[in-house]
Amino acid sequence: MSESFQLIVLHTIKHKESGIIVQGYSNRAGRETFFLRGAGKKEKSSNLSQLHPLSVLEVTLSSMKLSEIPIIKEFSAAFRLPSIRGDVFKSSIALFISELIFRTIKEQEQNIELYSFLLTSIKLLEEIKYGTANFHPYFMIGFCRQIGYSPEALLHRDGMLFDIPSAKYLPLKEKSEFCFGPQESSLLHKLSVTPVQEISSIKITGDQRYLFIKEMIRYISFHTGHNLRVESLEVLHEVFE
């Protein structure tokens, strides 16, 4: 009998009439892709609502494969996430975070530390009551730490700008095209030193948040060597306007 494992859903694609390709991040092997059969059948339709972005599934595989893609035999929700599913703000954040992970992480290898970070972040998003609008920029800083590109954001002083290549703050006189703007540099420091329970205390506009996220995407793009295009950012910006 196949052993079960946990899978964080990042992206799904409909395959023909009754199949779904499920792409996610698992606690056993990192980025993985699976095939789900019979998605159009009535008895399975109620379970499909569990395949939302950042849902956490308990998965058992079939002994059969579709080409080289493992087939999901059974799945169920490992955790109930009613707030992420039902709140338009949280579901929009989940869509953005899942796409960010999907486009950034390619490694097909077990990384328990990264998986634990993602799982903890999902639970925090589910439970957070105040400062929801600041959760995704807060998440991005922790995500960068986990994937090996930690910004040295604590050594900030007035008049300093965050430099993308060195991941450090530089005096204003040394600024370059690779530096964050003054507001984004200051916000990086504030988010880095503020506990998640207090991120509601950081007062910023939707436009300021949007510009900061774009700079963080530029930072991740530079250090991963991939030009990231996170399409859900525009939707997220509209939701929080």
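One table, with the values for the structure above:
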item: Among the candidates Ser221, Ser150, Ser232, Ser201, residue that is over 24 Å from Tyr115 (Cα atoms) and of a type outside the set (A, V, I, L, M); result: Ser201
item: Only listed residue being more than 15 Å from the chain's Cα centre (by Cα), modelled with pLDDT of 95 or more, farther than 22 Å from Tyr115 by Cα and not polar (S, T, N, Q), chosen from Leu172, Leu211, Leu155; result: Leu211
item: Any hit, the stretch 88-104, residues being closer than 30 Å to Ile217 by Cβ, basic (Lys, Arg), surrounded by 19 or more Cβ atoms within 10 Å (Cβ to Cβ) and at pLDDT 95 or above; result: yes
item: Helices (runs of 4 or more DSSP H) wholly inside the stretch 23-114 that include at least 3 residues being closer than 24 Å to Asn134 by Cα and in contact with a helix residue (DSSP H, G or I) (Cβ under 6 Å, 6 or more places away or on another chain); result: 88-104
item: Selection count, the stretch 208-241, where residues are small (Gly, Ala, Ser) and assigned to a helix (DSSP H, G or I); result: 2
item: Verdict on Leu170 being out of contact with any strand residue (DSSP E or B) (no Cβ under 9 Å at 6 or more places or on another chain), surrounded by 15 or more Cβ atoms within 10 Å (Cβ to Cβ) and not β-branched (Val, Ile, Thr); result: no
item: Which listed residue, of Glu184, Glu198, is part of a helix (DSSP H, G or I), more than 17 Å from the chain's Cα centre (by Cα), acidic (Asp, Glu) and surrounded by fewer than 16 Cβ atoms within 10 Å (Cβ to Cβ); result: Glu198
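The values are calculated or read from the model by the stated rules, or taken from the named source; none is laboratory data. Bear in mind the structure is a predicted one, so any value in this text is a computation, not a measurement. So basically every Cβ, Gly included, is an ideal-geometry build from the backbone, and we count neighbours across all protein chains shown.
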